[in-house]
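The values are calculated or read from the model by the stated rules, or taken from the named source; none is laboratory data. Quantities reported herein were computed from a predicted structural model and do not represent experimental measurements. No Cβ is skipped: glycine too gets one built from the backbone with ideal geometry, and neighbour counts run over all protein chains shown.
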Amino acid sequence: MSAEIIDGKAVAAEIDVRAGEAGAELARKLGRAPCLAVVLIGEDPASQVYVRNKVRRTEAAGLTSIEIRKPADVSEAETIEIVRTLNANPEVDGILVQLPLPDHIDANAVIETIDPDKDVDGLTEASAGRLVLGKRGLRPCTPTGCVDLAKRALGDLSGKSVVVIGRSILVGKPAALLFLEQNATVTIAHSRTADLPGLARTADILVPAVGRPEMVRGDWVKPGACVLDVGINRIDAPERGEGKTRLVGDAAFDEIVGHAGWITPVPGGIGPMTIAMLLRNTVLAAALRNGLEIPTGS
Ligand code: GUN
């Protein structure tokens, strides 16, 4: 048996279109399209690429974006003031502050300034609390993308065994809660977990999210399991020529693809889903903030 390779890029493109359609439906009632504001501080090259992609896909879907860029030496007070201004702007539905922020800025203080109803990254304490309590709110994008792909592959997740490897605030912890919300049985594994390979082998759905290249080996994966690889790691690739690099996930794709049921590739798996969920959250925020029905299909 050979795994089905989940085409996250194609699914994400489909979700972008549906978010755009839902945004257009809201625009007819609001008199404007849902709007995402993205704040980028400094010149981190990876962050610049991420922000460019977020803005490009937002606009391609027919939503509106505002991009605010400031040099790395901007003060924490000024960064917080930018967020406050966006909070107060009724035409801004979603606010995303690209991380990491420069060292002299307390990222937590900036994130906590974001109005939770505009927190499309799902990173504020209020959003985390809403998730834990099962209340309506904006959920973090990458883990939401994992659950979406898992449901497309397996259907109802009720009773499935999920092992999330990694306990980060951005992915591991919210992923566990989101799978729990689907009535899955969830275990969070981490660096102190005993017999990690043995535990991983119990999973119907395995979610490596630790940032360690190809850590999950072929014999960690139960035949027929679904592997959702959140890791994006750049490694040397001398076989491609001197100084060349390539991207790999946290799972050893070639060892797993022969016997898993489903696997997400890196790149082109979970990565593109993150932005799709950001667009979906922007539409959701626009609807919730304005007391409108959430458009169907978004
Ligand atoms: N930097 C890397 N990933 C993310 C993300 O999902 N959200 C934000 N705001 N910054 C990031």
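In this structure, does Ala22 turn out to be among the aliphatic types (A, V, I, L, M) and outside any strand (DSSP E or B)? Break it down into steps so the answer makes sense when it comes.
Details: among the aliphatic types (A, V, I, L, M): yes; outside any strand (DSSP E or B): yes.
Considered against the rule, which asks whether it is among the aliphatic types (A, V, I, L, M) and outside any strand (DSSP E or B), Ala22 comes out as yes.
The residue of the stretch 105-142 that is nearest to the chain's Cα centre (by Cα), among those that are β-branched (Val, Ile, Thr) and within 12 Å of the ligand (Cβ to nearest atom), is Thr142.
Would you confirm whether any residue within the stretch 16-30 is within 15 Å of the ligand (Cβ to nearest atom), crowded, with 17+ Cβ neighbours inside 10 Å and modelled with pLDDT of 95 or more? There is no residue in the stretch 16-30 that is within 15 Å of the ligand (Cβ to nearest atom), crowded, with 17+ Cβ neighbours inside 10 Å and modelled with pLDDT of 95 or more. In the stretch 71-87, of all residues being among the hydrophobic types (A, V, I, L, M, F, W, C) and either more than 26 Å from the chain's Cα centre (by Cα) or at pLDDT below 95 (or both), the one that is farthest from Ser127 (Cα to Cα) corresponds to Val74. Scanning the stretch 86-100 for residues that are away from the ligand (no atom under 16 Å from the Cβ) and either small (Gly, Ala, Ser) or farther than 21 Å from Leu30 by Cα (or both) turns up just one, Ala88. Each residue in the stretch 44-88 was checked for being in contact (Cβ under 8 Å) with a residue 40 or more places away in the chain and surrounded by 14 or more Cβ atoms within 10 Å (Cβ to Cβ), and 15 pass.
Only one of the numbered conditions (1) part of a loop (DSSP other than H, G, I, E, B); (2) touching a residue at least 60 places away in the same chain (Cβ under 8 Å) is not met by Leu96, and that is (1).
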